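The values are calculated or read from the model by the stated rules, or taken from the named source; none is laboratory data. Here the structure is a predicted model, which means the values were calculated and not measured. Because the Cβ atoms are built from the backbone with ideal geometry, glycine has one as well, and the counts that use them run over all protein chains shown.
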Amino acid sequence: MSDLLLHICCAPCSVACIRQLREEDVEPVGYWYNPNIHPFQEYKARRDTLRQYAQDIGLELREHDFYGLRQFTAAVASNPDQRCGYCYACRLEDTARYASEHGFARFSTTLLVSPYQDRELICATGEKIGARYGVEFAPYDFRPRFQEGQQEARELGLYMQKYCGCIYSEEDRFSNRRKKELHKLHKQQGQARVQPGCAC
Ligand code: SF4
């Protein structure tokens, strides 16, 4: 049995991660739990794309199939600009709990492929949660293969999302007003980006 449970945020991001792990002779078991993807049609598109991709490449996939719009928005509504910490933690916590209950020694996440996500925060959160559940968080760095993986996903015709996942990131991506606000905030803070996200 595999010792690694790999949380998968979407099929395109998983391409490079699974390839790298297999090259290192690690056969992961995939795990779908993403209550942060909104609205429901988008959630379904990403989930179903992963189901098909897993079948195509012979990846064992487990699922916690839960569309968590209400819970997610209730949890972050008081400070939506700080939402990503909660988003990482809830997904990693569910993955660690599942790993611990099903005999996996380690867990990781395909979030670690994206140069647009906060790697430091993901790793710190994963380590903390892993310690609580007695499973090791594996801090793989898949980022060098991000572009290659995205290119392969396009060539395979996988559904490619246009925004990170939550309804707030959809607004950040498509609303001109939000784009202006974020631009202003970036300038004030001297940062390239304020919120992590997915530019797939
Ligand atoms: S921007 Fe992405 S990582 Fe941040 S809360 Fe939304 S879905 Fe989660």
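Within region 90-106, the residues that satisfy the criterion of being touching a residue at least 60 places away in the same chain (Cβ under 8 Å) and either in contact with a Phe, Trp or Tyr (Cβ under 6 Å, 6 or more places away or on another chain) or basic (Lys, Arg) (or both) are ARG91, ASP94, THR95, ALA99, ARG106. Among the residues of region 53-70, none is identified as over 18 Å from the mean Cα position of the chain (by Cα) and within 13 Å of the ligand (Cβ to nearest atom).
Per the listing TYR98, TYR116, the residue uniquely in contact with a Pro (Cβ under 6 Å, 6 or more places away or on another chain) and among the aromatic types (Phe, Trp, Tyr) is TYR116. From the set of residues in region 88-105 that are aliphatic (A, V, I, L, M) and within 13 Å of the chain's Cα centre (by Cα), which is surrounded by the most Cβ atoms within 10 Å (Cβ to Cβ)? Selected residue: LEU92.
When only residues in region 72-130 that are in contact with an Asp or Glu (Cβ under 9 Å, 6 or more places away or on another chain) and aromatic (Phe, Trp, Tyr) count, which is nearest to the ligand (Cβ to nearest atom)? If we take residues in region 72-130 being in contact with an Asp or Glu (Cβ under 9 Å, 6 or more places away or on another chain) and aromatic (Phe, Trp, Tyr), then TYR88 is nearest to the ligand (Cβ to nearest atom).
Taking into account only those residues within region 1-52 that are of a type in the set (A, V, I, L, M) and not in a helix (DSSP H, G or I), which is farthest from the ligand (Cβ to nearest atom)? Here the answer is MET1.
Of all residues in region 31-43, those being under 25 Å from LEU4 (Cα atoms) and either free of Cβ contacts under 8 Å to residues at least 12 places away in the same chain or hydrophobic (A, V, I, L, M, F, W, C) (or both) number 2.
Pairing residues of region 134-152 that are on the phi > 0 side of the Ramachandran plot with residues that are at pLDDT 95 or above, at Cβ distances under 8 Å and at least 6 apart in sequence or on separate chains, gives GLY134/SER100.
Applying the condition of being within 16 Å of the ligand (Cβ to nearest atom) and of a type in the set (S, T, N, Q) to region 143-192 and asking which residue is surrounded by the most Cβ atoms within 10 Å (Cβ to Cβ) yields SER169.
Of all residues in region 151-171, which are of a type outside the set (Gly, Ala, Ser) and in a loop (DSSP other than H, G, I, E, B)?
Of everything in region 151-171, those that are of a type outside the set (Gly, Ala, Ser) and in a loop (DSSP other than H, G, I, E, B) turn out to be LEU158, TYR159, MET160, GLN161, LYS162, TYR163, CYS164, CYS166.
I'd like to check something: does region 55-74 contain any residue that is assigned to a loop (DSSP other than H, G, I, E, B), farther than 28 Å from ARG178 by Cα, in contact (Cβ under 8 Å) with a residue 40 or more places away in the chain and not aromatic (Phe, Trp, Tyr)? Within region 55-74, one or more residues are assigned to a loop (DSSP other than H, G, I, E, B), farther than 28 Å from ARG178 by Cα, in contact (Cβ under 8 Å) with a residue 40 or more places away in the chain and not aromatic (Phe, Trp, Tyr). Identify the residue in region 106-120 that is surrounded by 15 or more Cβ atoms within 10 Å (Cβ to Cβ) and not polar (S, T, N, Q) and, among all such residues, is nearest to the chain's Cα centre (by Cα). Among residues in region 106-120 that are surrounded by 15 or more Cβ atoms within 10 Å (Cβ to Cβ) and not polar (S, T, N, Q), the one nearest to the chain's Cα centre (by Cα) is LEU111.
Just one of the listed residues (LEU21, LEU61, LEU69) is surrounded by fewer than 22 Cβ atoms within 10 Å (Cβ to Cβ) and touching a Gly at 6+ places or on another chain (Cβ under 7 Å), namely LEU61.
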